[in-house]
Amino acid sequence: PFDLLERKKLVLEQNKSLQQIIKKIPKGCHVLIGGFEVNKGPGRPYFNSAFLCTKNKIVKIFRKELLPTGDVFDEARFVEKGSLKNNYFQIGKHRFFLTICEDIWAWGNKDYKENPLRKVPRKKIDLVINMSASPFFLSKMKMRMSVTAQTAKHFKAPLLYVNLVGAQDEMIFDGRSFLIDSKGKTVFQQLAFEEDTNVFDINNL
């Protein structure tokens, strides 16, 4: 969003839209929705967050911890740091761990002094989820497969990588969401540069 975050109305309108979406969620369904959350405490004005929602209710909010500042990213200008240790959740008998985009990119990355995933207490989980808005360039897919495989092996759990598709000004988002097993093997991958919907029963993993 770059300088658009100077406009407080942008986030207020986003929050109104979030409430409208929540009202339309079918009963018994859980949905994860990304967006900005107003920071009511000290620090920068917003969190880069994911909202776990059911009908008429936000069940839990997850906040991104790693905030990139290079290339097209300038998150640390507006966004306060979250904490990955709070990102476990459970639905029915299934246990999940949520990461947001850059949170899984510290493996072997010299830009970060430490990998926050190494500090998270490892609990038995059924699925790691990564919600991303990852811009496209030619070698990006190879890099994604590397960091997701390392994350899956770290948690000894399959990982679902969900990426934005479309374009925003000069940035192109290629989609290509995918699921890997706990050893990093691809289970399925969605279309590139097109909206795509897929269903997978994690009981089959």
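The values are calculated or read from the model by the stated rules, or taken from the named source; none is laboratory data. These numbers were taken from a predicted model, which means no experiment stands behind them. Backbone-built Cβ (ideal geometry, glycine too); neighbour counts: all protein chains shown. These accessible areas exclude ligands, DNA and RNA; they are computed on the full protein's heavy atoms, side chains included. Shrake-Rupley method; radii C 1.70, N 1.55, O 1.52, S 1.80 Å.
One table, with the values for the structure above:
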quantity: Residue within the stretch 98-108 that is part of a loop (DSSP other than H, G, I, E, B) and modelled with pLDDT under 95 present; calculated: yes
quantity: Single condition M143 does not satisfy, out of (1) free of Cβ contacts under 8 Å to residues at least 24 places away in the same chain; (2) within 17 Å of the chain's Cα centre (by Cα); (3) surrounded by fewer than 13 Cβ atoms within 10 Å (Cβ to Cβ); (4) under 23 Å from F47 (Cβ atoms); calculated: (4)
quantity: Failed item in (1) open to solvent by less than 80 Å² (accessible area, probe 1.4 Å); (2) free of Cβ contacts under 8 Å to residues at least 12 places away in the same chain; (3) more than 29 Å from D74 (Cβ to Cβ), with T186 passing the rest; calculated: (2)
quantity: Residue in the stretch 137-148 that is in a helix (DSSP H, G or I) and among the small types (G, A, S) present; calculated: yes
quantity: The lone exception for I22 - which of (1) part of a helix (DSSP H, G or I); (2) open to solvent by 80 Å² or more (accessible area, probe 1.4 Å); (3) not hydroxyl-bearing (S, T, Y) it fails; calculated: (2)
quantity: Odd one out for A50 among (1) under 26 Å from P135 (Cβ atoms); (2) touching a residue at least 12 places away in the same chain (Cβ under 8 Å); (3) among the aliphatic types (A, V, I, L, M); (4) surrounded by fewer than 16 Cβ atoms within 10 Å (Cβ to Cβ); calculated: (4)
quantity: Hits in the stretch 1-19 (condition: in contact with a helix residue (DSSP H, G or I) (Cβ under 9 Å, 6 or more places away or on another chain) and either among the charged types (D, E, K, R) or in a loop (DSSP other than H, G, I, E, B) (or both)); calculated: P1
quantity: Residue in the stretch 148-166 that is more than 15 Å from the chain's Cα centre (by Cα), of a type in the set (A, V, I, L, M) and closer than 19 Å to L66 by Cα present; calculated: yes
quantity: Hey, N56 more than 16 Å from the chain's Cα centre (by Cα), among the polar types (S, T, N, Q), surrounded by fewer than 16 Cβ atoms within 10 Å (Cβ to Cβ) and modelled with pLDDT of 95 or more or not; calculated: yes
quantity: Extreme residue, surrounded by the fewest Cβ atoms within 10 Å (Cβ to Cβ), among residues of the stretch 59-97 that are small (G, A, S) and closer than 25 Å to E170 by Cβ; calculated: G70
quantity: Residue within the stretch 25-48 that is in a strand (DSSP E or B), under 16 Å from the mean Cα position of the chain (by Cα), within 30 Å of I202 (Cα to Cα) and of a type in the set (D, E) present; calculated: yes
quantity: Extreme residue, surrounded by the most Cβ atoms within 10 Å (Cβ to Cβ), among residues of the stretch 146-167 that are among the small types (G, A, S) and either over 17 Å from K123 (Cα atoms) or free of Cβ contacts under 8 Å to residues at least 12 places away in the same chain (or both); calculated: A149
quantity: Condition broken by A106, with the remaining ones in (1) among the aliphatic types (A, V, I, L, M); (2) open to solvent by 20 Å² or more (accessible area, probe 1.4 Å); (3) under 25 Å from F36 (Cα atoms) satisfied; calculated: (2)
quantity: Residue list for the stretch 109-128, restricted to those being in a loop (DSSP other than H, G, I, E, B), open to solvent by 30 Å² or more (accessible area, probe 1.4 Å) and free of Cβ contacts under 8 Å to residues at least 60 places away in the same chain; calculated: N109, K110, D111, Y112, K113, E114, P121, R122, K123, K124
